[in-house]
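Read through the structure below, which is laid out as structure tokens, and then see the notes.
The values are calculated or read from the model by the stated rules, or taken from the named source; none is laboratory data. Model, not experiment: these values are computed from the prediction. Cβ placement follows ideal geometry from the backbone for every residue including glycine, while neighbour counts extend to all protein chains displayed. All accessible areas refer to the heavy atoms of the entire protein, side chains included, with ligands and DNA or RNA removed. Shrake-Rupley method; radii C 1.70, N 1.55, O 1.52, S 1.80 Å.
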Amino acid sequence: MKNTLIIFFIFYPLWASAGPVKVQQPPNVKALRAEQPVNIDGILDETIWKQEGNSTFIQSDPIDGGEPSEKTTFWVAYDEKALYIAAFCFDRQPEKIIYRLGRRDDFVDSDWFIFAVDPYLDKRSGYQFAVNPAGSIVDWTLYNDIDQDSTWDGIWDWAAHINDKGWTVEIKIPYNQLRFPAKNQYVWGVNFRRIIHRKNEKLGYVWVPKEDSGYVSRFARLTGIKNINPGRHLEFFPYSVGQARFNPCEEGNPFRTGSRFGGNLGFDLKLGLKSNLTLDATVNPDFGQVEVDPAVINLSAFETYYEEKRPFFIEGASLFNNFGRGGVNINANINWSNPRFFYSRRIGRPPQGVVSQSGYVDYPDRSTILGAFKLTGKIFGAWNIGFISALTAREYADIDSGGQRFQEEVEPLSFFGIIRAQKEYDEGARGIGFIGTSVFRDLESGDWDVPFARNALGWALDCWTFFDKDRTWLLSGWFGGTSIQGDKSTIFSLQQSPLHYFQRPDAEHVTLDENATSLSGWGTRFMLNKQKGNTLINFALGALSPGFDPNDTGFQNGTSDHINSHLLVGYQQPQPGKLLRSWLVLGGPFRTYDFGGNKTWDGYLLVLDAEFLNYWFCETMLAYNPETISNTLTRGGPLAVIPYGYQVDLTINSDSRKRVVLSSYNSLYRRPDEGQSFNTSLSLRWKPRSNFDLSIGPEIYLRKSDLYWVTSQKDALMTDTFGTRYVFGRLEQTTVSANIRVNWIFTPRLSLQAYLQPFLAVGKYDTFKELARPKSFDYNIYGDGESTIAFENGVYIVDPDGPGPAAAFDFSNPDFNFKSLRGTVVLRWEYLPGSLLYFVWTQSRADTAHPGNFNLTRDLGDLFTAPGDNIFLVKVSYRFNL
């Protein structure tokens, strides 16, 4: 709700019903020994594919449990080194087969054939491989029975071919790309799926009714594999990169001469220590080919969260990201910051220090990762483990002061260590896990003006259990803590940061301690779910103590000192009716307290989801928030009243099969006594050809608030608010932006992608005021009565009581007009399996003229004529399969 409502539901991929549906286990699939080489060309002319195949498929869409409209036959074969899958997807209208080229891991709108395998037969995890008629591919790791992660990129071979009877596909998966314990004979879990896109038809060899749930746990059995030699998995990826940077010259600045050139060398290593453990190592890694972060205007006290885009960290991240969610397929976060113990962008972040000397300064754009390794896999039979270790370099800013050159340290030498382990019992019916995080910094050589902790530790346990055989009722949760050590000034500063605000003058449950050298806290959250059946229930209760702080290695966008709960009850109908294909209604209360007993958030919400028979989708959310108390509005000051408000959201999505796809999101939040905000966005995706698509997503955000933070000013005479004046203003903000993407796919291995984001954000402040008394909605407006306010040379001068004894004070004009244009063009060529060549062009422009004055035509003109920074990069890597 208004910035703090984050609600999402994960019903993957199917719905649940009131009672279990008895589904007959599909027949076992027998793998045939390939005595002759299999040529992966998509043409099924090998002798082994002439044998009788498997053709038992069942619809899940559009008719759940219905007969397929087209026949599908598949075969499985193997030899000493690899697993082979072939399929004939018959189609009586082959000219209507939908095939689209997409970059790897882009699940484009087309027909697909999908193969999934559970080599451990743990009924919880596995791998999934998809090929479409154009030869585009996606691969995933599977986990938590129902979840999937496409960041894994296996090295496997494939081919597809369209003929007059439909289309065919061949897949070759080397055993060293899979993890499984060595045995004489193997029994694996498998599934085979097909999508006929023009009919919105989804078929599966394993059928999971919409009245049920689960995925990997329902797989059929693959038998017949024996006497294989997976071999040792060792891959070596050296790389070389060259970069040219061009930016506007700045007279007198030796660091902005108009151009800069550089290069780099490094390597990645992937080693299979055993058949079920993989070591990834990187030395001097380069992440230059990733897309730029989107522009934002952040007026809150908390940092902005950015998604991880670096391949080394995103591959296999599901084990770390799934912490606290074991067994869960319904999840909601309402005014809950959902802290992460591990946020990989802390590793290699931009330096945080500032220099003490004046002059021209050249800051590094990121901390150099000297080396990192990651160990993932299974040990002791059933423990999933992940371990990341990284060392980042000491970074220096170059300073030029009057022609003299010197350096100052702006980021210390740092070591990061992350460990995650999880064990499942009874085929995922219950489980337990833990996570541990650490960062150690060498601060001896620097005189730091920012609060660097010397070390920070985090730990937590998570667990889950189903209460019944049908796995309808689930209890899942976690409990953990954090501990930060540093000198007195560091801890004193952390206590006053937005995450804690220990300095609050009317808070009796926290104490600001200027002699403390450590800060510790705990957090927990538990969920009770009924996640099968037409009736759904999601209850959550969580708490973050005032000293809880995971941000050295993790991420928390919201204050600690937080006790939060909600109860959501819903009813769903997944089966088609006369008007709707499926629908869901869900709602309930939510509430938040701090540890001082203040009710800081409260409300009720109602969500309505509906998919129409024409495959259009609509979602509406209604919410109401009664008057509450805020412990953060004054940013470390006393409590203040937040008046009541309400929210209305509407989302509409069109049929994704069409050449033009529309999506619209609209949100209104209104507090009649304080202001309102309105956000509307429209996404248009155009697919004129099978290898080209263009998406444009304009967005407009309008906000009017009578109560927006400006500053605070010490004044011993302001006894009503504990000796400080907390200054607010009326803000009118207009933000206009657009996300523009172009995908041009030449072949499944050669693609061109472009991303462009123009962004305008303008804010105008007036009607400045101060909080009159704590725990109220009373404000003293400057300029009323005997108080005065004047504006001179970009500065507001305030005399809060005119001729009275209070001293005048001033503050800078908070108006803003931030304009940004960011874009990236990436040409990616996988010239050999696992070997890549990148050409990248990145451009950014920014302008801040005309603060507080919005004029779309003028501001766009200023933006497109602003000087730009251009970066050109070439990177080549080669895969040695040793």
Practice task
For region 628-638, indicate whether the set of residues that are of a type in the set (A, V, I, L, M, F, W, C) and open to solvent by 50 Å² or more (accessible area, probe 1.4 Å) is non-empty.
Solution key: no
Exercise for the section: Could you tell me which of the residues 442, 400 is touching a strand residue (DSSP E or B) at 6+ places or on another chain (Cβ under 7 Å), open to solvent by less than 60 Å² (accessible area, probe 1.4 Å), over 30 Å from residue 121 (Cβ atoms) and at pLDDT below 90? Expected result: 400
Completion exercise
Screening 329, 333 for residues that are closer than 30 Å to residue 647 by Cβ, in contact with a strand residue (DSSP E or B) (Cβ under 6 Å, 6 or more places away or on another chain), open to solvent by less than 30 Å² (accessible area, probe 1.4 Å) and of a type outside the set (Gly, Ala, Ser) leaves only 333
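Name the residue, out of 131, 138, that is crowded, with 22+ Cβ neighbours inside 10 Å and either without any contact (Cβ under 8 Å) to a residue 40 or more places away in the chain or touching a strand residue (DSSP E or B) at 6+ places or on another chain (Cβ under 6 Å) (or both).
Selected residue: 131, the only one of 131, 138 that is crowded, with 22+ Cβ neighbours inside 10 Å and either without any contact (Cβ under 8 Å) to a residue 40 or more places away in the chain or touching a strand residue (DSSP E or B) at 6+ places or on another chain (Cβ under 6 Å) (or both).
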Problem - Single match in 800, 867 (criterion: out of contact with any Gly (no Cβ under 7 Å at 6 or more places or on another chain) and either among the β-branched types (Val, Ile, Thr) or surrounded by fewer than 15 Cβ atoms within 10 Å (Cβ to Cβ) (or both)) - result: 867
Handout entry: Flag for residue 806 being touching a strand residue (DSSP E or B) at 6+ places or on another chain (Cβ under 9 Å), modelled with pLDDT of 95 or more and of a type in the set (Gly, Ala, Ser)
Key = no
Fill in the blank from the handout: Residue pairs within 7 Å by beta carbon, gap of at least six or interchain, first lying in region 377-401 and among the charged types (D, E, K, R), second open to solvent by less than 10 Å² (accessible area, probe 1.4 Å), listed first then second, are 394/411; 394/412; 395/367; 395/410; 395/411
Completion exercise
Pairing a residue in region 793-820 that is on the phi > 0 side of the Ramachandran plot with any residue that is open to solvent by less than 20 Å² (accessible area, probe 1.4 Å), where Cβ atoms lie under 8 Å and the two sit 6 or more apart in sequence or on different chains, gives 802/787
Exercise for the section: Could you list all residues from region 676-702 that are within 26 Å of residue 856 (Cα to Cα) and open to solvent by less than 20 Å² (accessible area, probe 1.4 Å)? Expected result: 677, 697
Exercise for the section: Spot the failing condition for residue 482; the list is (1) of a type in the set (Ser, Thr, Tyr); (2) surrounded by fewer than 21 Cβ atoms within 10 Å (Cβ to Cβ); (3) under 30 Å from the mean Cα position of the chain (by Cα); (4) not in a loop (DSSP other than H, G, I, E, B), and only one is missed. Expected result: (2)
Problem - Top-ranked residue in region 491-538 [being part of a loop (DSSP other than H, G, I, E, B) and of a type in the set (Phe, Trp, Tyr); ranked as nearest to residue 634 (Cα to Cα)] - result: 501
Exercise for the section: Can you run down the residue pairs with Cβ atoms below 8 Å, 6 or more apart or on separate chains, where the first is in region 654-678 and within 30 Å of residue 198 (Cβ to Cβ) and the partner is open to solvent by 70 Å² or more (accessible area, probe 1.4 Å) and not in a strand (DSSP E or B)? Expected result: 654/616; 655/614; 655/616
Fill in the blank from the handout: If we ask which residues in region 177-199 are under 23 Å from residue 54 (Cα atoms) and open to solvent by 30 Å² or more (accessible area, probe 1.4 Å), their number turns out to be 4
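Any idea how many residues of region 85-95 are in a strand (DSSP E or B) and open to solvent by less than 10 Å² (accessible area, probe 1.4 Å)?
Residues flagged as in a strand (DSSP E or B) and open to solvent by less than 10 Å² (accessible area, probe 1.4 Å) within region 85-95 amount to 4.
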Practice task
Quickly run through region 838-873 and pick out the residues that are assigned to a strand (DSSP E or B) and either under 25 Å from the mean Cα position of the chain (by Cα) or in contact (Cβ under 8 Å) with a residue 40 or more places away in the chain (or both).
Solution key: 838, 840, 841, 842, 843, 844, 868, 869, 870, 871, 872, 873
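For every residue, the table says whether it meets (1) touching a Cys at 6+ places or on another chain (Cβ under 9 Å); (2) over 28 Å from residue 339 (Cβ atoms); (3) at pLDDT below 95; (4) open to solvent by less than 10 Å² (accessible area, probe 1.4 Å).
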| site | (1), (2), (3), (4) |
| --- | --- |
| 557 | no, no, yes, no |
| 568 | no, no, no, yes |
| 575 | no, yes, yes, no |
| 595 | no, no, no, no |
| 607 | no, no, no, yes |
| 614 | no, yes, yes, no |
| 619 | no, no, no, no |
| 652 | yes, yes, no, no |
| 659 | no, yes, yes, no |
Practice task
Please work out if residue 77 is of a type in the set (Gly, Ala, Ser), part of a strand (DSSP E or B), open to solvent by less than 40 Å² (accessible area, probe 1.4 Å) and over 27 Å from residue 330 (Cα atoms).
Solution key: yes
Practice task
Quick one: which residue in 512, 541 is surrounded by fewer than 22 Cβ atoms within 10 Å (Cβ to Cβ), of a type in the set (A, V, I, L, M, F, W, C) and over 19 Å from residue 339 (Cα atoms)?
Solution key: 512
Practice task
Among the numbered conditions (1) under 30 Å from residue 626 (Cα atoms); (2) surrounded by fewer than 19 Cβ atoms within 10 Å (Cβ to Cβ); (3) not aromatic (Phe, Trp, Tyr), tell me where residue 733 comes up short.
Solution key: (2)
Practice task
Mind checking which strands (runs of 3 or more DSSP E) fall wholly inside region 592-658 and carry at least 2 residues that are polar (S, T, N, Q)?
Solution key: 617-625, 628-630, 645-653
Handout entry: Which listed residue, of 399, 432, is assigned to a strand (DSSP E or B) and within 28 Å of the chain's Cα centre (by Cα)
Key = 432
Practice task
Please report, ordered by residue number, the strands (runs of 3 or more DSSP E) entirely within region 106-176 with at least 3 residues that are more than 25 Å from residue 92 (Cα to Cα).
Solution key: 112-118, 126-131, 137-143, 147-149, 166-174
Practice task
Check 58, 98, 43, 63 and return the single one that is touching a helix residue (DSSP H, G or I) at 6+ places or on another chain (Cβ under 6 Å), open to solvent by 10 Å² or more (accessible area, probe 1.4 Å) and not aromatic (Phe, Trp, Tyr).
Solution key: 98
Completion exercise
Only unsatisfied item for residue 164, checking (1) open to solvent by 40 Å² or more (accessible area, probe 1.4 Å); (2) closer than 26 Å to residue 382 by Cα, is (2)
Exercise for the section: Go through region 203-226 and count every residue that is under 28 Å from the mean Cα position of the chain (by Cα) and either of a type in the set (Ser, Thr, Tyr) or at positive phi (or both). Expected result: 4
Problem - Filter pass, residue 430 being more than 30 Å from residue 143 (Cα to Cα) and open to solvent by 10 Å² or more (accessible area, probe 1.4 Å) - result: no
Practice task
Would you check if there is a residue in region 350-371 being more than 23 Å from the chain's Cα centre (by Cα), open to solvent by less than 50 Å² (accessible area, probe 1.4 Å) and under 23 Å from residue 324 (Cβ atoms)?
Solution key: no
